[in-house]
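Everything below concerns the one structure shown next.
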Amino acid sequence: MSSSDSVGLRILLLTHSFSPDFTPPQRRWKAFTKVFAAHGNPVTVVAPKSGTRSPNTDEPGIRVLQYPSFGNPKHLFFKVLRSLLRAITSLPVCLLSGRQDVVIATVPALSTLVSGLIVSRLLRARFVVDLRDSWPNLLSESNILRSRKLEPLVTRLILTLLRRADLVAAVTGGLGEVARKQGVRDVVVISNGVDLSNYGSPIPTIRREDGLLHVLYLGNLGRSQGLELLIHAASHLSSEILVRFVGDGTERVRLQNLAASLNAPVEFFHPVRGEQVLEQYAWADTCAVSLRPDWPSFEHTVPSKLYELLFLDRYVTGLVRGEAARIIKASHAGKVVEQDLQSLVKHLQGMVSGRPHKLHKSLGREWVLENVALDRLGDRYLNELALLIGKNK
C-alpha cells in the first residue's frame, strides 16, 4: 500500500513538544505532519503551550491546539501533579478536535500516553504510540521517580498502555525488540532522522589561530549524557584542547562546578539555533555524542543529534554503545571510544598529534540520505497508518 492510498485519514497527534519548541520530537513531527498533510490527510496537533509564544505553523492541513503547560517544576511530587493535570486538561481539547481515524501519542510523556488511549477509545480511533525512549525500563535504571513503591506501579501502567496500542512505532530496532518482548503486539521501527530542508546553507569557514584541538558537545546537558568524563579528559590535556558545551539541562550547573574545580579548559554556551548551530560546528574539530554507559537501555538509543552530524560530515567522537556505535562505524563518521578516562584521553591525544579528523572520508551524508531522511520516513509512517486502518475495516 502506498501513501497515495491513505488520502483522507484524519490524524490526531498528541505530543509533549511541538511548534514553537525546537526539540528532537518537534523536528520529527514537524516533518511528519507536513508529509501527512501533503498527501491529503488533515492533522490536528494537541500540545502544551510553550511559554507565551504561539505555534508558528501555517502549513495547510495542519491545525495546532494548545492547553496549559503548568510550568516546569523540579520536585517529584509537582512533576507527577503536572503530568496528571496535563492528561486531564488535554482531554477536552482532543475531543473538540472532532472525529479522527488515528490518535498518535508520543512517549516518554506519560500524560500523552494516558490521554491518548482514552481519547482514541472515545473517538473510536486507532491508537498509535510513538516510542522514543526505552520506557518503562529507564524508570528503574535512572531512579527518576526516587520511590521503590511508585516505580513498579508506573511501570505496570506504562506496559498496560503500550500493550493496548494498536501499533507502536519505535525509533530504533532495539527499542522495537524490547517492546515485543514486553508483550506489545504490533511494532514497527521508524527512526529519527534529518529534515533536509533545514540545511540550505553551507557550514561557514572560521579562521582559528589558537593551535588547540576544539571539542564540541552540542545538546542537552542532563543525567543521560554522562558528560563528566569529557570534563575529566579535558583537565588531563589542558594545554592542548578546548572543550565547549552548547546547551542547557538539569546538570549544567553541576558540570560547570566540576570544570571549575578541575581547572579544566571547558567553556559553556547557551543553546543556539539556525545559522549559529553551523557556526559552532565550523568551530569544532570533533563533535562528541555521549550517553552514559551504566544504563542498559542506552544500548538501544540513538541520539537524534548524531544524524545531523552525519549529514553535515562532522567528525564524531562517539561515547556511545549499541545501535549508535554501529551507525558511527557503518558511516565511517568518526571514532567510537571506550567510555573510560584512559581511552578518551588517548583518543584526544591522537587527534592532537595526528589530526585524523582532517583526513577522514565520511559516508555520513550518503548514509543519512539512504536511511534517515525524514520526508521518506514520513511516507513510511503514513503507509503504516494506512495499513493499520485497512486491517481494521
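The values are calculated or read from the model by the stated rules, or taken from the named source; none is laboratory data. All values reported here derive from a predicted model rather than from experimental measurement. For neighbour counting, all protein chains shown are included, and Cβ atoms are generated from backbone atoms with ideal geometry for every residue, glycine included. Surface accessibility is based on the protein's heavy atoms, side chains included, excluding ligands, DNA and RNA. Shrake-Rupley method; radii C 1.70, N 1.55, O 1.52, S 1.80 Å.
Quick notes
- Label-point separation in nm, GLU279 to LYS74, each point 7 Å along Cα→Cβ: 3.1 nm
- Solvent exposure of the stretch 117-271 as accessible area per residue, Å², 1.4 Å probe: 48 Å²
- Cβ-Cβ FRET estimate between LEU84 and LYS346, R0 fixed at 45 Å, reported to 0.05: 0.40
- Under the Debye formula (equal points on every Cα, no solvent term), log10 I(q)/I(0) of the stretch 269-320 at q = 0.19, 0.23 Å⁻¹: -0.71, -0.94
- Antiparallel bridges, percent of DSSP beta bridges restricted to the chain (to nearest 5): 0 percent
- Sorted largest first, extent of the chain alpha carbons per principal axis (Å): 64, 48, 42
- Calculated FRET value between ARG376 and ASP248, using beta carbons and R₀ = 51 Å, to 0.05: 0.95
- Using R0 = 30 Å, the C-beta based FRET efficiency linking LEU387 and LEU65 works out to 0.65.
- Among PRO20, PRO73, PRO48: highest mean-square fluctuation, GNM of the chain, C-alpha pairs under 10 Å: PRO73
- Heavy-atom accessible surface of the stretch 302-355: percent carbon and sulfur, 1.4 Å: 47 percent
- Neighbourhood charge, 11 Å Cβ-Cβ cut-off, centred on VAL184 and excluding it, Lys, Arg +1 and Asp, Glu -1: +2
- All aspartates and glutamates inside 13 Å of LYS49 as judged from Cα atoms, apart from same-chain residues fewer than 8 positions distant: ASP21
- Compared with the direct C-alpha span, the chain from LYS49 to SER197 gains 50.7 nm at full extension, assuming 0.36 nm per residue.
- Where Cα atoms sit under 25 Å apart: lysine pairs in the stretch 289-393 separated by 8 or more or lying on different chains: 13
- Stretching the chain fully between GLU366 and LEU96 yields a gain of 92.8 nm (0.36 nm per residue, less the alpha carbon separation).
- The H on the amide N of ASP130, modeled in the peptide plane, is under 5 Å from the matching H of ALA105, THR106, VAL107, ALA169, each at least 5 residues off or on a different chain.
- Per residue, the average separation of C-alpha pairs within less than 8 Å and at least 6 apart gives the chain a relative contact order of 15 percent.
- Phi-based couplings in Hz for the stretch 108-119 (Karplus 6.51, -1.76, 1.60; Gly and Pro marked x): x, 5, 5, 4, 5, 5, 5, 5, x, 5, 4, 5
- Relative contact order for the stretch 209-358: 24 percent, from Cα pairs under 8 Å spaced at least 6 residues apart, divided by residue count.
- Cα-centre dipole for the chain with unit charges at Cβ (Lys and Arg positive, Asp and Glu negative), debye to 20: 1260 debye
- Amide H within-cut-off set for ASP313, under 5 Å, with H built and near neighbours excluded: ARG365
- 222 nm mean residue ellipticity, helices alone, for the chain (DSSP H n ≥ 4; -39,500 (n - 2.57); rounded to 500): -13000 deg cm²/dmol
- Largest GNM mean-square fluctuation across SER331, SER111, SER290, computed for the chain with C-alpha springs under 10 Å, falls on SER331.
- Debye equation applied to the C-alpha atoms of the stretch 161-257, log10 I(q)/I(0) at 0.18, 0.19, 0.20 Å⁻¹: -0.97, -0.99, -1.02
- Of LEU309, LEU374, LEU262, the residue with the greatest mean-square motion in the GNM of the chain, using alpha carbon springs below 10 Å, is LEU262.
- Backbone N atoms of the stretch 244-263 closer than 18 Å to the 7 Å Cα→Cβ label point of ILE206 belong to residues 244-248.
- Other-chain or far-sequence residues with amide H under 5 Å of VAL336's (modelled H): GLY318
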